[in-house]
Structure formats: structure tokens, C-alpha cells
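Structure record follows, encoded as C-alpha cells.
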Amino acid sequence: MKKDDQQHISCNFTIGCKQGGFGPGCKNCCAIEVIVKLSGKKSPVAEIAKQVIHKVDGKWQWNGVIKENPYAYRFLRNQNKDICIIATYCGECALASENALREFFWMVYANPKSKFVLLTKLPALLYDKVKKLKPDLFKYGIKVDKLKNLRIATSVENNEKKFRINQLAKFKCLGFTRLDVWFKPLLENIVNVDLTGIKSIRINVEKGKYKRCHEVFWIDLLSKQAVKQGVKVYYDFEKHELNKPTRRNK
């Protein structure tokens, strides 16, 4: 079991998320911690960050406000092509406006040496928006399904959220073939996973102060399901971050 050493950085062209999140994977949202730290700094982006969070019973949470970040792409001038850019880490990209998504696809097109991942918990909504934008972008010479430096991914934390995989697979109807599933954080043993049309999966356990427990065999069984279906597996954890294996009934 080898950790993937690919570096990832965030490109937060949209900041903010639904109040309460989209499932148990959002309970200990690490993006909230990033936004809180960012809001305490003196910068234009900090002013945006302050508008998307509020305190409830002493705990910072998303307030449901979605803001566009006009400063998101400045770092691309000095971008190292070996770094993968996640869009967007501090918000739900499917909630972005059509203009924000249009600009994102333009930036992917204009920076072919950079690698991008469009990560969403709402693949069905994102599909509808991309489908609507596709002919419009084509008028300007941008074939979104031909962008070799773009991957589209969704996250799945438990069996209840497996439906996101089928929703993500619909992107094949638009010509997208670089589709990934991120099992992050992995909160239970996920079974009977259909990865038809999926190129790769990434697995990570929950980390941080309030991390929930996991079992190592969850990772092993999920990996075997992927390998059996010809899907690549990447790991985003170190061995010391795993719990000690527990004895299971055969």
C-alpha cells in the first residue's frame, strides 16, 4: 500500500457551500478550518472568506452564501506542471455560477501544462451546468471534453452516497473520459461498488482533531473491488495514520 506523492493545491474560484453540507462526510469539514484561518488575514480573499461562514453554538459553519473569487487564478503564472490543482477546495463547484464555470474551463484551456481536478459532491447538478455550457464554449474553440489536463471527480464517504458514482459516470455522455471517485473520508466498509466508466479512485481516512474511526480492511476490500474492475487506486495517507487492524469474523 503506497501513498500517492502527487502534490495538490487548491484553486478556489468559488468559495462557500451549503449550510450543513451534503452528508456525513461534511461533518468535520476541513475546508472550514482553512476558510477561518484565511478570514483572519489581511487580503482581498479574506474579505470574501468572512462572508461565507458564521458561528453556530460556538462552532464555525458555512452560512450558505456562495461567492466568486476573482483572485483564484493569479498563481497560475508561476505554476509547476507537476502540481495538480483542485477546483474548488473551499467550496462546492456545482454551486458556482455559469460565468464562474465558464471562466474555469477557459483557464484549463489556456493552461495546458497545468493539471486540474473539478471536484464535486453534486455531480448531477454539475453535469447539467456543463451540458448547458458545452455548446457555448465550443463557439470559442473550447472543446471541454477534449481537455486532456482536466479530470472530474466526486467524493463518496459511505454506502449511502454511492449514487454519486453513477451520476458522475453520466459525464461520459458529454464525451468526458477522465472520471475519478474520491473515497475521502472513508467512513465505513463500502461494498458492491460499480466503477463502470471510472478511471481511478483515491482513498483517505479522516484526519484532524475530530477524526472518526476506520478499519484497515475497509481500504483493502475497496481497493480489491477497484483492481478487479481495472480501476487504478491511489492512497492519500501515511501508514502511521492508519488504525491498527482489528480481528474480523470470517
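The values are calculated or read from the model by the stated rules, or taken from the named source; none is laboratory data. Predicted, not measured: the structure shown is a model, and the values here were computed from it. For neighbour counting, all protein chains shown are included, and Cβ atoms are generated from backbone atoms with ideal geometry for every residue, glycine included.
Looking only at the range 129-171, which residues are over 25 Å from Glu188 (Cβ atoms), in contact with a strand residue (DSSP E or B) (Cβ under 7 Å, 6 or more places away or on another chain) and of a type in the set (D, E, K, R)?
Answer for the range 129-171, where residues must be over 25 Å from Glu188 (Cβ atoms), in contact with a strand residue (DSSP E or B) (Cβ under 7 Å, 6 or more places away or on another chain) and of a type in the set (D, E, K, R): just Arg151.
Quick check, is Tyr234 touching a residue at least 40 places away in the same chain (Cβ under 8 Å), of a type in the set (Ser, Thr, Tyr) and either exposed (fewer than 13 other Cβ atoms within 10 Å of the Cβ) or farther than 27 Å from Gly21 by Cα (or both)? Full working, then the answer.
Details: touching a residue at least 40 places away in the same chain (Cβ under 8 Å): yes; of a type in the set (Ser, Thr, Tyr): yes; either exposed (fewer than 13 other Cβ atoms within 10 Å of the Cβ) or farther than 27 Å from Gly21 by Cα (or both): no.
When the stated conditions are applied, Tyr234 does not pass them.
Name the single residue that is nearest to the chain's Cα centre (by Cα) among those in the range 96-124 being among the small types (Gly, Ala, Ser) and buried (at least 17 other Cβ atoms within 10 Å of the Cβ). Walk me through how you get there before you give the answer.
As a first pass, look at the range 96-124 and keep what is among the small types (Gly, Ala, Ser): 96-97, 100, 110, 114, 124.
So of that shortlist, the ones also buried (at least 17 other Cβ atoms within 10 Å of the Cβ) come out as 96, 100, 114.
Values: Ala96: 14, Ala100: 17, Ser114: 17 Å.
Checked the range 96-124; the qualifying residue nearest to the chain's Cα centre (by Cα) is Ala96.
Going by what's in this entry, would Lys121 be described as basic (Lys, Arg) and more than 26 Å from Leu222 (Cα to Cα)? Explain how you work it out, then say what you get.
Values: basic (Lys, Arg): yes; more than 26 Å from Leu222 (Cα to Cα): no.
The answer is no for Lys121.
Take residues that are aliphatic (A, V, I, L, M) and touching a helix residue (DSSP H, G or I) at 6+ places or on another chain (Cβ under 6 Å) and tell me which of the helices (runs of 4 or more DSSP H) falling wholly in the range 82-176 contain 3 or more.
Working: elements: 98-110, 123-138, 163-169.
Hits in the range 82-176: 123-138.
Which one of these is free of Cβ contacts under 8 Å to residues at least 24 places away in the same chain and surrounded by 13 or more Cβ atoms within 10 Å (Cβ to Cβ): Ile53, Ile66, Ile15, Ile32? Working first, answer last.
Details: Ile66 fails: free of Cβ contacts under 8 Å to residues at least 24 places away in the same chain; Ile15 fails: free of Cβ contacts under 8 Å to residues at least 24 places away in the same chain; Ile32 fails: free of Cβ contacts under 8 Å to residues at least 24 places away in the same chain.
Exactly one of Ile53, Ile66, Ile15, Ile32 is free of Cβ contacts under 8 Å to residues at least 24 places away in the same chain and surrounded by 13 or more Cβ atoms within 10 Å (Cβ to Cβ), namely Ile53.
Looking at the range 207-235 only, could you name the residues that are over 16 Å from Lys162 (Cβ atoms) and either aromatic (Phe, Trp, Tyr) or in contact with a His (Cβ under 7 Å, 6 or more places away or on another chain) (or both)?
Tyr210, Phe217, Tyr234, Tyr235 - these are the residues of the range 207-235 that are over 16 Å from Lys162 (Cβ atoms) and either aromatic (Phe, Trp, Tyr) or in contact with a His (Cβ under 7 Å, 6 or more places away or on another chain) (or both).
Do the conditions hold for Tyr234, that is, is it outside any helix (DSSP H, G or I) and in contact with a strand residue (DSSP E or B) (Cβ under 8 Å, 6 or more places away or on another chain)?
Details: outside any helix (DSSP H, G or I): yes; in contact with a strand residue (DSSP E or B) (Cβ under 8 Å, 6 or more places away or on another chain): yes.
So Tyr234 fits the description; yes.
Just the residues that are within 17 Å of the chain's Cα centre (by Cα) and modelled with pLDDT of 80 or more, please, taken from the range 63-93.
Taking the range 63-93 first, the residues within 17 Å of the chain's Cα centre (by Cα) are 66, 72, 83-93.
Hits for the range 63-93 are Ile66, Ala72, Cys84, Ile85, Ile86, Ala87, Thr88, Tyr89, Cys90, Gly91, Glu92, Cys93.
Considering (1) assigned to a loop (DSSP other than H, G, I, E, B); (2) β-branched (Val, Ile, Thr); (3) at pLDDT 95 or above, say which one Ile219 fails and leave the rest.
The number of the failed condition is (1).
Can you tell me which residue among Lys42, Lys18 is closer than 27 Å to Ile201 by Cβ, part of a loop (DSSP other than H, G, I, E, B) and either of a type in the set (Lys, Arg) or touching a helix residue (DSSP H, G or I) at 6+ places or on another chain (Cβ under 7 Å) (or both)?
Values: Lys42 fails: closer than 27 Å to Ile201 by Cβ.
From the options Lys42, Lys18, the qualifying one is Lys18.
Residues that are assigned to a loop (DSSP other than H, G, I, E, B), closer than 27 Å to Val130 by Cα and of a type in the set (Gly, Ala, Ser): does the range 182-202 have at least one?
As a first pass, look at the range 182-202 and keep what is assigned to a loop (DSSP other than H, G, I, E, B): 184-199.
If we keep only those that are closer than 27 Å to Val130 by Cα too, we end up with 184-185, 193-199.
From what's left, of a type in the set (Gly, Ala, Ser): 197.
Taking every residue of the range 182-202 in turn, at least one turns out to be assigned to a loop (DSSP other than H, G, I, E, B), closer than 27 Å to Val130 by Cα and of a type in the set (Gly, Ala, Ser).
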